[in-house]
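Q: One structure coming up, written as structure tokens, with questions to follow.
The values are calculated or read from the model by the stated rules, or taken from the named source; none is laboratory data. Remember, it's a predicted structure, so these values are computed and weren't measured experimentally. Using ideal geometry, Cβ is built from the backbone for each residue, glycine included, and neighbour counts are taken over all protein chains shown. To get the accessible areas, we keep the full protein, side chains included, count just its heavy atoms, and leave off ligands, DNA and RNA. Shrake-Rupley method; radii C 1.70, N 1.55, O 1.52, S 1.80 Å.
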Amino acid sequence: MDMPERGTTGWYPVVRAAEVGTTPVPVGAAGSAYVVVRLRPNGEVTAFPARCPHRLVPLAAGHVEDGRLICPAHGWRFDGEGRCTTVPSLGDDGCPPPRADLRGPWAVEERYGWVWLAPEPTTSGPPRPAGDLRPEPGAELPRPAGPVFDNLAPALANAWHPVELSRELRPGGWSSVRLLGCTWNLARDAAGTVTVEPAVFGVRERLGLIWLAPAEPADVPLEVPELFDRRFVAGWLPPVRSPGPAGPLADTFLDASHGPFVHATTIGAADRAEVAPAEVVREPGGFSSVQEQWVDNPVDPEVTTGGRPLRQRRRTTYTFRAPFRLCLRQEFLDSGAATTLLYLLQPEDLDSTRIYTCLLVSAGPGQPLPTPRSLAEQVALQRRILEEDVRSQETLAVPGLPLDLRDEVHVPADRLGLALREALCDFMVAERRQQRAA
Ligand code: FES
Ligand SMILES: [Fe+2]
């Protein structure tokens, strides 16, 4: 057969044409990753780059609707030319930024029963095969060009990290935990004191967890007053492991625009896709932000009795403390009921993060405490929501949170995500300052 030219010019057979339908197929050409898909049943084949420019989600996980490829994370829509036609968080009148457009290969052609890609401009068409064709090998998903904040960032040594629920380590017991790519052995003596091998700067118990600081901490503690408020009852979710770094996970927990897409089967179906830009208040060690939204509140008992509508006003206060501690307080303004979600992340290894989630629930002023049954139902719902977030991380396949803003495309709904990137950069600076002072 005529071999395609090597390098990045020339034509590359990537997949048999019959194997391409309206589900995106990941392919490789000249070492670059793409997806090919038909935007209409039996229509022509279109090729896109492998990642969405917004938060780098692989477009192989996307789907086709009305002649558009739709990213699964926040529903951005792309036409056959790669133009981004819709950014749902901008609302119906929103105009996608020009950088949101996709840059695919120079050309795609269906010829001789195969789909061919030309990554760069070339003069001729696909060469006629003289024998059996084999598809080009798949290519790795591209990494961000700039630096990323990953689970082994040296600055992370100078912070407190959760490593186990306090109740997981009983008196007389021991366990091994992973943190920052290393193994630490914990033991609790009969008097309840926890010791650690090899030695660390500090070990302590706080917020129901055991925390380690490998070196002198430069972080600011997260305060959770609800833990000491008698109107709240607390329920821990079983710790969950996410096969990826903590930074993008924290980004997801702070993200108000993924609900209708990632949580469509739990809480997101009725969420408005449009997200008003949030004000962010910088605070020592992180930031906070208050947002109001209309959402469904199926766990409100008054909804079942018809005392209140399903659709209710909710105020959410996000509090973030670097490196990976988040508190989301959600208050239903009509009933006064409040739910606080605490996400505390343990960066175990480059590709592993353990997630501790605590739910603190109050039925509102003058109301009896939530019953164990209603708490259990809310914990079960949060478990399903968390599973959806972890599944979305599984497909993401990035080495860490991109810190160079040019590696992604940002829209007004991403203000908390931008504040996260800034807070992690500040955290690295604080750690370096502390190192110099030591
Ligand atoms: S829409 Fe693709 S990552 Fe957000
Ligand atoms: Fe989520």
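Q: Here's a check for you: in region 68-90, which residue that is open to solvent by less than 80 Å² (accessible area, probe 1.4 Å) and over 22 Å from the mean Cα position of the chain (by Cα) is farthest from ligand 2 (Cβ to nearest atom)?
A: My answer is GLY80.
Q: Looking only at region 189-214, which residues are among the hydrophobic types (A, V, I, L, M, F, W, C), closer than 30 Å to ALA430 by Cα and more than 28 Å from the chain's Cα centre (by Cα)?
A: Of everything in region 189-214, those that are among the hydrophobic types (A, V, I, L, M, F, W, C), closer than 30 Å to ALA430 by Cα and more than 28 Å from the chain's Cα centre (by Cα) turn out to be VAL194, VAL196, ALA199, VAL200, PHE201, VAL203.
Q: I've got another one for you. Assuming VAL303 fulfils every condition listed in (1) crowded, with 17+ Cβ neighbours inside 10 Å; (2) of a type in the set (A, V, I, L, M); (3) more than 16 Å from ligand 1 (Cβ to nearest atom); (4) within 21 Å of CYS327 (Cα to Cα) apart from one, which condition is it?
A: (4)
Q: Next up: Inside region 62-85, can you point out the residues that are within 13 Å of ligand 1 (Cβ to nearest atom), within 15 Å of GLU44 (Cα to Cα) and out of contact with any helix residue (DSSP H, G or I) (no Cβ under 8 Å at 6 or more places or on another chain)?
A: Correct list: ARG68 only.
Q: For residues that are buried (at least 19 other Cβ atoms within 10 Å of the Cβ) and out of contact with any Gly (no Cβ under 6 Å at 6 or more places or on another chain), tally how many sit in region 39-60.
A: 12
Q: Does VAL220 fit the bill of being open to solvent by 20 Å² or more (accessible area, probe 1.4 Å), farther than 30 Å from ARG103 by Cβ and under 24 Å from the mean Cα position of the chain (by Cα)? Steps first, please.
A: Numbers: open to solvent by 20 Å² or more (accessible area, probe 1.4 Å): yes; farther than 30 Å from ARG103 by Cβ: yes; under 24 Å from the mean Cα position of the chain (by Cα): yes.
Yes: the conditions hold for VAL220.
Q: Here's something else I'd like to know. So, in region 332-353, exactly how many residues are more than 25 Å from THR395 (Cβ to Cβ) and in a loop (DSSP other than H, G, I, E, B)?
A: Selection size over region 332-353: 5.
Q: Tell me the residue from GLN378, GLN382, GLN330 that is within 16 Å of ligand 2 (Cβ to nearest atom), surrounded by 15 or more Cβ atoms within 10 Å (Cβ to Cβ) and free of Cβ contacts under 8 Å to residues at least 40 places away in the same chain, please.
A: GLN330
Q: On to the next question. Taking into account only those residues within region 97-106 that are touching a residue at least 40 places away in the same chain (Cβ under 8 Å) and not charged (D, E, K, R), which is farthest from ligand 2 (Cβ to nearest atom)?
A: Among those that are touching a residue at least 40 places away in the same chain (Cβ under 8 Å) and not charged (D, E, K, R), it is PRO105.
Q: Moving on to the next point. Take the residues of region 95-121 that are part of a loop (DSSP other than H, G, I, E, B) and closer than 14 Å to ALA29 by Cα: which is nearest to the chain's Cα centre (by Cα)?
A: Ranking the qualifying residues of region 95-121, first place goes to GLY104.
Q: Find the residue count for region 230-255, including only residues that are closer than 22 Å to TYR356 by Cβ and part of a loop (DSSP other than H, G, I, E, B). Break it down into steps so the answer makes sense when it comes.
A: At the first step, the residues of region 230-255 found to be closer than 22 Å to TYR356 by Cβ are 232-255.
Applying the additional criterion that residues be part of a loop (DSSP other than H, G, I, E, B) yields 232, 237-239, 243-245, 254-255.
Total meeting the criteria: 9.
Q: Does region 237-260 contain any residue that is more than 16 Å from ligand 2 (Cβ to nearest atom) and within 17 Å of LEU341 (Cβ to Cβ)?
A: The answer is yes, given that some residue of region 237-260 is more than 16 Å from ligand 2 (Cβ to nearest atom) and within 17 Å of LEU341 (Cβ to Cβ).
So that you can scan it fast, the table gives a plain yes or no per residue for (1) closer than 20 Å to PRO347 by Cα; (2) assigned by TED's automatic domain parsing to the domain that holds PRO277; (3) within 14 Å of ligand 1 (Cβ to nearest atom); (4) surrounded by fewer than 19 Cβ atoms within 10 Å (Cβ to Cβ):
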position	(1), (2), (3), (4)
VAL390	yes, yes, no, yes
LEU401	yes, yes, yes, no
LEU405	no, yes, no, yes
ARG415	no, yes, no, no
ASP426	yes, yes, no, yes
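Q: When you scan region 337-345, do you find a residue that is of a type outside the set (Gly, Ala, Ser), modelled with pLDDT under 95 and either more than 16 Å from ligand 2 (Cβ to nearest atom) or crowded, with 18+ Cβ neighbours inside 10 Å (or both), even just one? Steps first, please.
A: Step one: filter region 337-345 for residues of a type outside the set (Gly, Ala, Ser), giving 339-345.
Filter once more, keeping what is modelled with pLDDT under 95: 339.
Within this subset, residues satisfying the condition of being either more than 16 Å from ligand 2 (Cβ to nearest atom) or crowded, with 18+ Cβ neighbours inside 10 Å (or both) are 339.
Yes, that holds for at least one residue.
Q: When you go through ARG329, ARG314, ARG384 one by one, which is the residue that is part of a helix (DSSP H, G or I) and among the basic types (Lys, Arg)?
A: Answer to the selection: ARG384.
Q: Residue by residue through region 261-272, note down the ones that are within 15 Å of ligand 2 (Cβ to nearest atom), closer than 24 Å to SER288 by Cβ and modelled with pLDDT under 90.
A: ILE267, GLY268, ASP271
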